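What follows is a set of notes on a single structure, which appears directly below.
Derivation of every value follows stated rules applied to the coordinates shown; laboratory data play no part. Source: prediction; values computed, not measured. Glycine also receives a Cβ, built like all others from the backbone with ideal geometry; neighbour counts cover every protein chain displayed.
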Amino acid sequence: MNALVALCHFCELHGPRTLFCTEAVHPPSPSPPQPGPVIPGDRDREADREGEGLTMRANSSATQRADMCEGCRSLPASHPGFVSVDSETGIRYLSHQHPRQQQLFSVVRQACVRSLSCEVCPGREGPIFFGDEQHGFVFSHTFFIKDSLARGFQRWYSIVVVAMDRIYLINSWPFLLRHLRLTIQSLQNTALKVFDSEQCVCPQRAVRMNSAFSPAVFPHQRSGNAARSLTSLTQHPNLWASLHSSISWLLKACGSRLTEKLLEGAPTEDTLVLIERQTEQEEEMSGWDGAEGGGSNPQPSQSESVQAKDFQFDDGRQEDLLGPKFKSLRHLRQVLGTSDFRQLAWHVLMGNQVIWRGADPGLIQSAFNVLKALLPVGCVRAVPYSPHYEEAYRCNFLGLSPDVPIPAHVSSSEFSMLVDVLNVERGCVNPVSDDDILSLYQFNISSANTQPTDKGPTLLNKIEVALSNENLSVEVVSLCLLCLKEEWMNKVKVLFKFSKVDGRGKEDTQKVLALLGATGPGEEDNVRLLKFWMTGLSKLYKSHLMTAVRATDMET
């Protein structure tokens, strides 16, 4: 965390003073080596000089050294300070009475004065936030420490956290408040024990009430006691080392609990659909648990049973999932060939049922995994491997064992496609690599659809251009495919709003399609694709549109 934590004290003689300061020093970025001989021990000497400079800079002002009493000083002028090194990140946490840099010294000094003078919360004890872009933002927590020799028997302290990132500091408020209060309570409890023991020996309240008071004599009566150090108030021999450890941990933990992520715009439709599906599954599970608790045991439907089992077969062995796999869309295109892959991708994009039938469920599952990347998440309904046929309204990806017959109405339908995966007869006994799928299997593709797929849709043409470009890696192709899906999903949203929500006519809809670039060659396929992808829109988006339309109608 790029912040600085300081313990401040309001001295009765000198006003607000900084007692102890801890800052995080990040390791320097690697620089190219300079020509010349490398002298052993240079780094050690540089570290020593930096430690010496820490003390020298903290005590460079003669006026500042002279304007100090026992209560204003934490460490002696000769003390090098405390250093802790984070072995994971290389960050060093340095503690001394003042910051190393003069600019930071001014920032901390101003935060100290404001936290103990003008910026005070109700009751004077508690947290408060203030600051600006120029001098940094400050989270301050003021508190009192018991002192039998002080006015009112207590002294005023504060812990300030100074950072330039306002949002990060505000988001860290609960964490900082919780852990700083633990440190403050520890200091107060320790000082309270010392205060009680001193009062038992010599009750100062009775002494002050019985002594003669005059403004001229009062400072002399309390000379030597008006500026007691925090070490004296707590009787803690390792107070500053303990504070250094606590604050160093606080800076490290506070920096680790929040991470920055780049979010580009609103959540995608795929993200919304996944969230909705997860919520529905949690509700179903909680509903089943409640039903079982009530004594009933509902049985899921046949389709739900198949989807829940996925790869649980009669033998139940997970070894069946091992073997050859399709690694990417480009790999699948190379295995099937350009023509067969285009026909398969066309059926997938149009929403037709794609059936894979074979004896290797792992291979079929890998094919579905790469083909799913062509569609929005909301359009994917898959049964990876089933012992019987499932209707098209239940799934558009269906895996079957080789002995499952295909119904006549399905095999003759133009809205389905069958891929039979046949084992290749091998005359040799030499082992074959799992990556060489063509040497293991033969793929027969059949469909009753006689419509040529060479024209469109436009999305399929762009996908094939990306897949055929060997200069693009598989990762780059995946990103291109993601961008293309987002582009066409935005067109789907416009068409849904225009045709379904607003209820415009056919002529107006045709004008919108022209604006969306969905007309021309392959226009019929483009329209089919857009209508099918409408089924993948999230419920949240649809309800948002309907709510907005109703609100507009009510206003008019």
Check your understanding: For N423 and Q235, FRET efficiency with R0 = 60 Å and r from the beta-carbon atoms, rounded to 0.05?
Key -> 0.10
Exercise for review: Please work out how much length the chain gains when fully extended from H409 to N2, using 0.36 nm per residue of separation minus the C-alpha to C-alpha distance, in nm with one decimal.
Suggested key: 139.8 nm
Practice item. For region 69-126, just the Cα atoms, rotate onto the principal axes and tell me the three extents in Å, largest first. Key: 42, 31, 23
Revision key, fill the gap. The rounded separation in angstrom of the Cα centers of region 459-519 and region 362-377 is 20
Review point. With charges only on Cβ, +1 for K and R and -1 for D and E, what is the dipole size of region 474-554 about its Cα centre, in debye, rounded to 20?
Key: 380
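Stokes-Einstein diffusion coefficient for region 474-554 at 4 °C in a medium of 1.567 mPa s, Rh from the Kirkwood formula over Cα pairs: what value in µm²/s? Please report the intermediate quantities before stating the final value.
Working: Rh = 13.9 Å.
Rounded to a whole number, D works out at 93 µm²/s.
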Check your understanding: For L438 and S106, what is the calculated FRET efficiency with R₀ set at 51 Å and r taken between the beta-carbons, to the nearest 0.05?
Key -> 0.10
Point to revise | For region 121-212, alpha-carbon Rg over 2.2 N^0.38 Å | key: 1.42
Review point. According to a simple spin-label model (label point 7 Å from Cα along Cα-to-Cβ), what is the distance in nm between S117 and M285?
Key: 5.9
Practice item. Multiply the residue separation of S446 and S473 by 0.36 nm, subtract the distance between their alpha-carbon atoms, and state the gained length in nm to one decimal. Key: 6.6 nm
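In the neighborhood of F10, defined by Cβ-to-Cβ distances under 14 Å, what is the net charge if each Lys or Arg adds +1 and each Asp or Glu adds -1?
Working: positive: R17, R109, R114, R124, R151, R155, R228; negative: E12, E119, E125, D147.
Charge balance near F10 sits at +3.
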Check your understanding: What nm value, rounded to one decimal, do you get for the distance between E507 and K455 when each label is placed 7 Å out toward the C-beta?
Key -> 2.5
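Stretch F129-I170 to full length: gain in nm at 0.36 nm per residue minus the Cα-Cα span?
Answer, rounded to one decimal: 13.9 nm.
Given a cut-off of under 8 Å on Cα pairs at least six residues apart, what relative contact order in percent is computed for region 474-554?
Working: 27 pairs, mean separation 28.3, N = 81.
About 35 percent, as a whole number.
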